[in-house]
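The values are calculated or read from the model by the stated rules, or taken from the named source; none is laboratory data. All figures in this text were calculated on a predicted structure; none of them were measured in a lab. Neighbour counts run over all protein chains shown; Cβ positions are idealised from the backbone, glycine included.
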Amino acid sequence: MLSIEITRECPLSCPGCYAYGETHLGTGTTLRQLRDLRGDALVEGVLGLVRQHHPLHVSLVGGEPLIRLRELDRILPALSKMGVFTMVVTSAVVPIPKHWMEIPRLRVAVSVDGLPEHHDPRRKPATYDRILRNIADRRVNVHWVITKAMLERPGYLEEYVSFWNARDEVDHLWMSLYTPQIGESSVEILSRDDRERLARELPALQPRYPKLLINDGIARAWVNPPENPKDCLFSKMSINYSADLKTRVEPCVFGGTPDCRQCGCGISSALHWIKTIPVAGPLKVDHLVRASTAVGAAAATLSASFEPHRWRAQPPASGAGKSALVQINS
């Protein structure tokens, strides 16, 4: 899996956006300080990374990817012709092009962080009203980051799920939990009891709201997430580039030093559950992945390429300073 921050630009100023955190890139440089690309350079740069890494799936994120609509109009059909599954993660602050809906193997995911009382102040100008206008007559997925404040009002979870499940524009609804950086203190962080509650309540909603992508296995992974990047299947199987198409984002899409013990990444949780599934007898998916990554690490050593930081253990929490807040957008 390949993730690319295709632009440093975004018209939103979401509190705590992980992409703009000071430690996101781990180089002393922030996303806004990178030189991003436009026009032919961006198109050829993205397609070049895909040819280099041969991913099955590409996520195009930002910043706000739709800032680069002209380039995406060239990139997305090209990726489809290459047989690559692609997801564009957007705030839907501008209209999603209708003709994108005809591109095979493309999915657009719209970030909607809670009901209007939480989402609109946080993600303006990409408010509910604007999103609904900009996805009209399209087909999208909706991605939701759950924070502690959303658990304070009874019925909040079902109200959110019910609203988006009923929208004709929505194919699927999936969610992540707020994920902090090591040493972070924030009112948005979920406690273990909160995670236990979500693990009980959200799967119980799925039979009534079939667009909700959740099951007991994924929900339980929120309670017991991978302890470090080396134990995270998503971290092992993905590679992430920032807007200059050279800088790596490590150890995962969050960058910085994410607190893996409090990870709520929806994709990480799903893969953490998948790796426990038996393949044959005692053989599980995790055994196959471990063998594959061992071969990959050996090949990287022989080719003198560097070992990705995401394959290394999580640094200890002790002595860690406060980091920027984290908000999951993909």
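Brief remarks follow.
- All positions within the stretch 9-57 that are of a type in the set (A, V, I, L, M), touching a helix residue (DSSP H, G or I) at 6+ places or on another chain (Cβ under 9 Å) and modelled with pLDDT under 95: Leu12, Ala19, Leu25, Leu31
- Taken together, the residues in the stretch 50-63 that are surrounded by 14 or more Cβ atoms within 10 Å (Cβ to Cβ) and not in a helix (DSSP H, G or I) amount to 8.
- Filtering the stretch 229-244 to residues that are among the aliphatic types (A, V, I, L, M), at pLDDT 90 or above and out of contact with any strand residue (DSSP E or B) (no Cβ under 7 Å at 6 or more places or on another chain) leaves nothing.
- Members of the stretch 21-49 that are of a type outside the set (Gly, Ala, Ser), buried (at least 19 other Cβ atoms within 10 Å of the Cβ) and not in a loop (DSSP other than H, G, I, E, B): Leu31, Leu42, Val43, Val46
- Filtered residues of the stretch 54-92 (kept if touching a Cys at 6+ places or on another chain (Cβ under 7 Å) and of a type in the set (D, E, K, R)): Glu64
- Cys252 passes every criterion in (1) surrounded by 21 or more Cβ atoms within 10 Å (Cβ to Cβ); (2) of a type outside the set (S, T, N, Q); (3) more than 30 Å from Arg32 (Cα to Cα) apart from (3).
- Taken over the stretch 138-173, the residue count meeting the criterion of being farther than 18 Å from Val89 by Cα and charged (D, E, K, R) is 7.
- Spans of strands (runs of 3 or more DSSP E) in the stretch 83-182 with at least 1 residues over 29 Å from His53 (Cβ atoms) and touching a residue at least 24 places away in the same chain (Cβ under 8 Å): 140-146, 170-177
- Of all residues in the stretch 219-228, none are outside any helix (DSSP H, G or I), surrounded by 22 or more Cβ atoms within 10 Å (Cβ to Cβ) and in contact with a strand residue (DSSP E or B) (Cβ under 8 Å, 6 or more places away or on another chain).
Quick grid of which residues meet (1) basic (Lys, Arg); (2) modelled with pLDDT of 95 or more; (3) surrounded by fewer than 14 Cβ atoms within 10 Å (Cβ to Cβ):
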{"site": "Asp120", "(1), (2), (3)": "no, yes, no"}
{"site": "Arg130", "(1), (2), (3)": "yes, yes, no"}
{"site": "Tyr156", "(1), (2), (3)": "no, yes, no"}
{"site": "Val170", "(1), (2), (3)": "no, yes, no"}
{"site": "Gln181", "(1), (2), (3)": "no, no, no"}
{"site": "Pro210", "(1), (2), (3)": "no, yes, yes"}
{"site": "Asp216", "(1), (2), (3)": "no, no, no"}
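- Exactly one residue among Val253, Val187 is modelled with pLDDT under 95 and more than 19 Å from the chain's Cα centre (by Cα), and that residue is Val187.
- Residues within the stretch 183-204 that are over 29 Å from Gly26 (Cβ atoms), surrounded by fewer than 17 Cβ atoms within 10 Å (Cβ to Cβ) and of a type outside the set (Asp, Glu), tallied: 3
Per-residue answers, yes or no, for (1) of a type in the set (S, T, N, Q); (2) free of Cβ contacts under 8 Å to residues at least 24 places away in the same chain; (3) under 25 Å from Val84 (Cβ atoms):
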| position | (1), (2), (3) |
| --- | --- |
| Thr7 | yes, no, yes |
| Gly16 | no, no, no |
| Gly28 | no, yes, no |
| Arg32 | no, no, no |
| Asp36 | no, no, yes |
| Asp40 | no, yes, yes |
| Glu44 | no, yes, yes |
| Leu49 | no, no, yes |
| Gln52 | yes, yes, yes |
